[in-house]
Amino acid sequence: MEKLPLAMNTLRNSRLPELSLPQFNGDIETWFIFKEQFKEIIENCGLNDKQKLQYLQSCLIGIAKHVQTVDDTYDSLFLALEQRFENKRLIINKHINALLMLKYEKFRGDSNVELRNLVDTCTKHLRALKLLNIEHNTFSELLLIQLVMQVLDTETKRLFEMTLESTDIPKWDDFLAFLNKRCLFLENLPSAGTKGKQNFKDSPRHKSFILHTDANVDKKCKLCSLNHDLYNCDKFKNMPVRERYNIVKSLNLCLKCLKPNHKVSQCRSKHICFCKKNHNQLLHFVNVKNQEMQNFESSQPDTRRQDDVIEPICFQNSSIKNNQNKTDRNSFDFPSAQSNIVQGQVSGVNMSISASQKHKNDIILSTCIIYVENSVGEKVPLRVLADSGSQVSLLRSSTADFLNLRKLKTDMSVSGLGGSNVNIKSKIKGVISNGSGSYKRVVDFHVVPKITNMIPVNSFDISHIVFPSNVHLADPTFNTSNSIDALLSADIFFDILKDGKYKLDNGNLILQNTEFGYIISGNTSRFSSGSLHCGLITKDFETLNDTLKSFWEIEEIVPTKFVSDELKKCDEHFLKTMARDTNGRFCVEMPMKDNDIELGQSKSTAIRRLKLLERRFVREPHIKDKYVEFLQEYEDLDHMQRVKEEEPGLHYYIPHHAVIRPESKSTKLRVVFDASCKSSNGNSLNDILLKGGTIQPDLFDILLRFRKYVVAFSSDIKKMFRQIKVQEHQQDFLRILWRPSPEEDIVSYRLKTVTYGTKPAPYLATRCLLQLAHEGKNKYPLATPVIENSTYMDDILSGADDITTAKEMQRQLIGLMKEGCFHLYKWSANSEELLKDVPTENKEFLFNENDELVKTLGLSWRPRGTHSCIR
């Protein structure tokens, strides 16, 4: 007992390894785990918001790193991550699809490792569904049991059936318990994971399904007497096929499993030759009529014709065999022997071409199985060709349709043998990965009807090849003739290469390690596929279109936009004096002329103009109410403030009057400030100010560009001028006089924001927008070009080719404008989906009137009919 304090003190002083923060790469299946672990570690450490934000940003990798938020705070970023990745319905679908995909897997029920993987996979996805409050009932349990039973071997299914009464309805928990018990049983076998064998010799009449261990089975090779099966015998595999066949026949062995004491019709092995015939692939004859083998198998029912030829070709379907020599209308045909274009690119870049010709030898091309995410985030396996001589990646059009990814427009001319050209009109962005998810990359796939013929052209036998035990092939079916879904370009080919290389078959074949496993390539004369695929690289190929285009570009007289000295001066002045307050609002200084132009007395003129305005109010009282309301809002929003009667040395009083706009839906009356009104010495405020100039695109260009979008929208910047402050030392140039009623005293105010009616106001407002776009181009890449190219004053007319891009563009525009204290409203669009998240008070087009027109940039636009007119 005396040693206990010492032990406790030692425990306190021991230093445990530091916990590393979890990382999140954008995989929604791991979002909830990351969220729980991160919050448990970070939110209990007493960190401030900035520190938590930095830790959170350091844990984001992959696509999660690019999630943007309007406010630069920890809570806003975490909320943005939740909105992006906490898609409960999608996560549920992923887990359900993962369970459904089990039927395509190959599990050996007599392997404890594979059976344990099957159990763990089911348990993982069911536990995840339970955490999402998805409970399973009797019906779902029966479906799940049936799904798993489909991938189990016959022996395991039979043993499970023996645990049930004849009328029992199995339960998932009982089925899972049986599988766990089966795993334990297989793990305890002396030779775990191998299939127990039935001793037909000792008990030929007893069809027992109880598994026996290998200790009771004589595994000596019938040929060399060593301790291995005949199909693993190197001496046997090095013999010609004819000698192998004669040995099997003389030893009275099964043609399917190469074991004694039973015929092919009684064989329990599920493994057959790659040609789909009922014999072992070591006994496969190439292009000969195997009448002897048929006679040997005559004791079993056989539906094959007696004149069948055992060919080394495994077709995807029957139509492929029948049409293998016909011209595919979707393939790219060039004047060469069976030539098929693989890919190409114009504008002086390389072309890669695939052709075929008759040849005796075979070159194995490097194929691999990759995973590409479809439109709902599911990983779809594709068989691809890795091409180190291609500059572009290609995707078969049928595969692109199956993935259902958004197609982007492109214009690419592909050149093949003989100089024939094929145009590619679309491409997609796909996320490729390997099976473990340790490698991910975004790839631009150009969509073509067909990439190449079947690869390999003919299937071939690989039983003589001894692969290293640690090798995982990137394409386990590399020797089976099948179609190619995609082609990976050279930049991806060299990106996926890893350390690890083997030479097989006397150095003829090479195994190269990659992110997807080992790819195999090389020369082999052992097989004869009948065709040879070759690559051809051409450089600086120029089409007639390119030549003509180059001619016009050289001869074109490029118009240069004239920039006046005044505009240059205003821009330099803006960059020198512009500032932004803590809220992000712009604070600017009005540019003034260099020459000393003095202003005379202006207050008396402002008083006279105010009294004239009041007389109008008597005649039109409805205007007075709106006028008073307008200026009261001006003051309430802190866009103007009262000043003392004392007047500074430099000041100017601006007269103001009303402009009625009956067609306007938001502002029927606008107060216009007359900064051109002359003072007592004949000069006005506008006389001493620089105008700047037009820095936005031409109105005609914006309207033409607006017409090309599939999804078009328009919006206004609310009170754009008044969202920009004028620096305080110039605000006395913007004084006005006002009183709501003639019975009250006249009060002096000064305007605090850019004022409509002053000469540089349009320049200052649009220059602030361009500055905002420039500063936010990295954070808002879609919104920046809209402000730069599709905005005229406070009107935005833009769009996109699909609704997804349009919604993201809308989100970025709102976020970017908010950073400059601008607010977008009067939203209109030809897509109701784009407006569904916009508050009603911010909409101008509501999709509920039969013939509603939207006024924008001098035109009347009918979004429902997607046409414009002039009225």
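The values are calculated or read from the model by the stated rules, or taken from the named source; none is laboratory data. In this text the structure is predicted, and so the values were computed from the model without any measurement. Positions of Cβ are generated from backbone atoms using ideal geometry, with glycine treated the same way; all protein chains shown enter the neighbour counts.
Screening Glu633, Glu645, Glu566 for residues that are more than 21 Å from Lys759 (Cα to Cα) and either more than 47 Å from the chain's Cα centre (by Cα) or surrounded by 14 or more Cβ atoms within 10 Å (Cβ to Cβ) (or both) leaves exactly one candidate, Glu645. Figure legend. Inter-residue proximity from segment 637-661: first residues within 26 Å of Ile597 (Cβ to Cβ), second residues aromatic (Phe, Trp, Tyr), beta-carbon distance below 6 Å, spacing 6+ or different chains. Indicated pairs: Met640/Tyr634; Met640/Tyr749; Tyr652/Phe733; Ile654/Phe673; His656/Phe673. Within the option set Arg767, Arg811, being surrounded by 22 or more Cβ atoms within 10 Å (Cβ to Cβ), of a type in the set (Lys, Arg) and at pLDDT below 95 holds for one residue only, Arg767. Please go through segment 667-708 and pick out each residue that is crowded, with 19+ Cβ neighbours inside 10 Å, within 35 Å of the chain's Cα centre (by Cα) and not hydrophobic (A, V, I, L, M, F, W, C). Once the filter is applied, which keeps residues that are crowded, with 19+ Cβ neighbours inside 10 Å, within 35 Å of the chain's Cα centre (by Cα) and not hydrophobic (A, V, I, L, M, F, W, C), segment 667-708 yields only Gln696. Within the option set Glu598, Glu566, Glu589, being in contact with a strand residue (DSSP E or B) (Cβ under 9 Å, 6 or more places away or on another chain) and at pLDDT 65 or above holds for one residue only, Glu589.
Residues that are in a loop (DSSP other than H, G, I, E, B) and modelled with pLDDT of 85 or more were ranked within segment 420-465; the one that is nearest to Lys235 (Cα to Cα) is Asn434.
One residue stands out among those in segment 832-844 that are part of a loop (DSSP other than H, G, I, E, B) and more than 15 Å from Leu813 (Cβ to Cβ): the one that is modelled with the lowest pLDDT, which is Glu844.
Examine segment 607-622 for a residue that is part of a helix (DSSP H, G or I) and touching a Cys at 6+ places or on another chain (Cβ under 8 Å), and state whether such a residue exists. Among the residues of segment 607-622, at least one is part of a helix (DSSP H, G or I) and touching a Cys at 6+ places or on another chain (Cβ under 8 Å), which makes the answer yes. Residue count for segment 64-91 satisfying the condition of being of a type outside the set (D, E, K, R) and either crowded, with 16+ Cβ neighbours inside 10 Å or not in a helix (DSSP H, G or I) (or both): 13. Taken over segment 670-691, the residue count meeting the criterion of being among the charged types (D, E, K, R), outside any helix (DSSP H, G or I) and closer than 13 Å to Lys759 by Cβ is 2. Close contacts from segment 739-751, counting a first residue that is farther than 21 Å from Ile724 by Cα and in contact (Cβ under 8 Å) with a residue 60 or more places away in the chain and a second that is surrounded by 10 or more Cβ atoms within 10 Å (Cβ to Cβ) and among the β-branched types (Val, Ile, Thr), with Cβ to Cβ under 7 Å and a gap of 6+ residues or different chains, come to Arg739/Ile746; Arg739/Val747; Pro740/Val628; Ile746/Ile607; Ser748/Val643. When segment 578-610 is limited to residues that are among the small types (Gly, Ala, Ser) and under 60 Å from the mean Cα position of the chain (by Cα), the one that is surrounded by the most Cβ atoms within 10 Å (Cβ to Cβ) turns out to be Gly584. Just one of the listed residues (Phe493, Phe460) is over 25 Å from the mean Cα position of the chain (by Cα) and touching a residue at least 60 places away in the same chain (Cβ under 8 Å), namely Phe460.
Candidates are the residues of segment 149-199 that are over 28 Å from Asp229 (Cβ atoms), modelled with pLDDT of 75 or more and β-branched (Val, Ile, Thr); the one that is surrounded by the fewest Cβ atoms within 10 Å (Cβ to Cβ) is Ile169. Pairs meeting the criteria (first residue in segment 565-577 and within 17 Å of Glu728 (Cα to Cα), second residue modelled with pLDDT of 90 or more, beta carbons under 6 Å, at least 6 apart or on different chains) are His573/Pro591; Phe574/Arg767; Thr577/Glu589. Restricting to segment 711-749, name every residue that is part of a helix (DSSP H, G or I) and more than 16 Å from Pro648 (Cα to Cα). Selection gives Phe721, Arg722, Gln723. When residues in segment 466-513 are screened for being farther than 23 Å from Phe236 by Cβ, part of a loop (DSSP other than H, G, I, E, B) and among the aliphatic types (A, V, I, L, M), 2 of them pass. The residues on offer are Phe551, Phe541, Phe527, and the sole one that is exposed (fewer than 14 other Cβ atoms within 10 Å of the Cβ), over 30 Å from His823 (Cα atoms) and at pLDDT below 90 is Phe551.
Of all residues in segment 371-413, those being among the acidic types (Asp, Glu) and more than 20 Å from Phe85 (Cα to Cα) number 3.
What do you reckon, is Asn789 closer than 22 Å to Leu699 by Cα and surrounded by fewer than 16 Cβ atoms within 10 Å (Cβ to Cβ)? Considered against the rule, which asks whether it is closer than 22 Å to Leu699 by Cα and surrounded by fewer than 16 Cβ atoms within 10 Å (Cβ to Cβ), Asn789 comes out as yes. Scanning segment 750-776 for residues that are charged (D, E, K, R) and farther than 18 Å from His651 by Cβ, which turns out nearest to the chain's Cα centre (by Cα)? Looking at residues that are charged (D, E, K, R) and farther than 18 Å from His651 by Cβ, I get Glu775.
When Arg750 is tested against (1) crowded, with 19+ Cβ neighbours inside 10 Å; (2) of a type in the set (D, E, K, R); (3) within 26 Å of Glu841 (Cα to Cα), exactly one condition is not met: (3).
For segment 371-419, residues that are of a type in the set (A, V, I, L, M, F, W, C), assigned to a strand (DSSP E or B) and modelled with pLDDT of 80 or more total 9.
The set of residues from segment 692-705 being in a loop (DSSP other than H, G, I, E, B) and at pLDDT 80 or above comprises Gly692, Gly693, Thr694, Ile695, Gln696.
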